[in-house]
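Chemist: Starting off with a structure, shown below.
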């Protein structure tokens, strides 16, 4: 059950670091926050396309506003829309850290890798106020549970202290997504995210702290962002990223309509060429949901993209991302009342 919460929106010390709005570019629709009173926090999947099984999502919806986001249709299950609602009607899980600790105390939990987040960004701007991601990381540190983070948000820098503490006793990996190098195009397609160069600086700061970082050049939009792939990889490698991954854009459900509308409105001269190339990579459609194909596409554009990516990785000296350490998980020691007397 969701409950709407009132929310003041003063400028806080992280907001300007996260994203600065130029005149006329701030969101036109006010932010609404709802509470999710869920009783479980762990999500599991058995998808052959994913390298992890368990994830947690402290937030639903995402204020970054990336028009290509595959998570948008998930907002429809809440009775919201996948467009503006997804960006401005956000759901928080206030008991996420407590629920995570409860899950770790169950005998069935064996200390598997936990991903934050599998759906929406765990470091979107409201994390500065609610700190649910930070508190979940503190739980993982206390239990020595391995973690991998996926984000576009520079707010992850705030938690370098917790991340380094966790990395000392377990395993931490951080994926930083950089889709575009052209900041003007980025502002059109992912309007409320930090700039591409600011995200590269995040890679630099995390790497300097001894944290392993992988750059996600994703999604690659052929005809729009494919030319950005090489400069992104060069900048990320120079900043300290150890590894990289790439995935062509996929547009499930209502995302295809939203993406096409934005493209035709903002980039009308390029729209038809971009859509045509996506269809060629997706069997004549804007989305191919088949396992094995949705993450890589098919056809000559997909093949050329993969070849260029692999050749650039080899030239720049990217390697495989470190495997997460296993066997570090420990439950908290519980003292009996008698032992507490000593």
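Chemist: How many nm is it between the label spots at residue 110 and residue 84, if each spot is 7 Å from the Cα in line with the beta carbon?
Modeler: Placing both labels 7 Å beyond Cα along the Cβ direction yields 4.9 nm.
Chemist: Specify whether the C-alpha gyration tensor of the chain places it in the rounded, prolate or oblate class, a ≥ b ≥ c being the square roots of the eigenvalues: rounded for a/c under 1.5, otherwise prolate if a/b is larger than b/c and oblate if not.
Modeler: Because a/c hits 1.5 or more and a/b exceeds b/c, the chain counts as prolate.
Chemist: While we're here: Once you sort the root eigenvalues of the Cα gyration tensor of segment 47-168 as a ≥ b ≥ c, which label holds: rounded (a/c under 1.5), prolate (a/b larger than b/c) or oblate (the other case)?
Modeler: Here segment 47-168 falls in the prolate category.
Chemist: If R₀ is 30 angstrom, what is the calculated FRET efficiency for the pair residue 208 and residue 326, using the beta carbon separation as r and rounding to 0.05?
Modeler: Efficiency, rounded to the nearest 0.05: 0.65.
Chemist: Just from its helices, what would the mean residue ellipticity at 222 nm be for the chain, if runs of 4 or more DSSP H residues each count -39500 (n - 2.57) and the sum is divided by every residue, rounded to the nearest 500 deg cm²/dmol?
Modeler: So the helix-based figure for the chain works out to -10000 deg cm²/dmol.
Chemist: Using Cα atoms only, what is the angle between the long axis of helix 229-239 and the major principal axis of the chain, expressed in degrees (0 to 90) to the nearest 10?
Modeler: The angle comes out near 40 degrees.
Chemist: When ranked by the protection proxy of mean other Cβ atoms within 10 Å per residue, highest first, what sequence do the peptides 165-173, 56-64 form?
Modeler: Output ranking for 165-173, 56-64: 56-64, 165-173.
Chemist: Continuing with the same structure: Determine, for 195, 133, 120, the number of other Cβ atoms within 10 Å of each Cβ, and report the residues in order from fewest to most.
Modeler: Least to most surrounded, the residues fall as 195, 120, 133.
Chemist: In degrees from 0 to 90, rounded to the nearest 10, what is the angle of the helix 96-105 Cα long axis to the longest principal axis of the chain?
Modeler: 60
Chemist: Shifting gears a bit: Could you tell me how many degrees, from 0 to 90 and to the nearest 10, lie between the Cα long axis of helix 196-208 and the main elongation axis, the longest principal axis, of the Cα atoms of the chain?
Modeler: The answer is roughly 40 degrees.
Chemist: Now for a different question. Once you order the gyration tensor axes a ≥ b ≥ c over the Cα atoms, which shape class does segment 111-156 get: rounded for a/c under 1.5, otherwise prolate or oblate by comparing a/b with b/c?
Modeler: oblate
Chemist: Right, next: Packing-wise, with mean Cβ within 10 Å as the measure, how do 266-273, 233-240 rank, highest first?
Modeler: Highest-to-lowest ranking by the protection proxy: 233-240, 266-273.
Chemist: Here's another thing I want to ask about it. Modelling each spin label as a point 7 Å along the Cα-to-Cβ direction, I'd like the residue 273/residue 32 distance in nm, to one decimal.
Modeler: 4.0
Every number here is computed from the coordinates shown, using simple stated rules; none is lab data. Given the structure is predicted, the values throughout are model-derived calculations rather than measurements. All Cβ positions, even for glycine, are placed from backbone atoms using ideal geometry, and neighbour counts span all protein chains on display.
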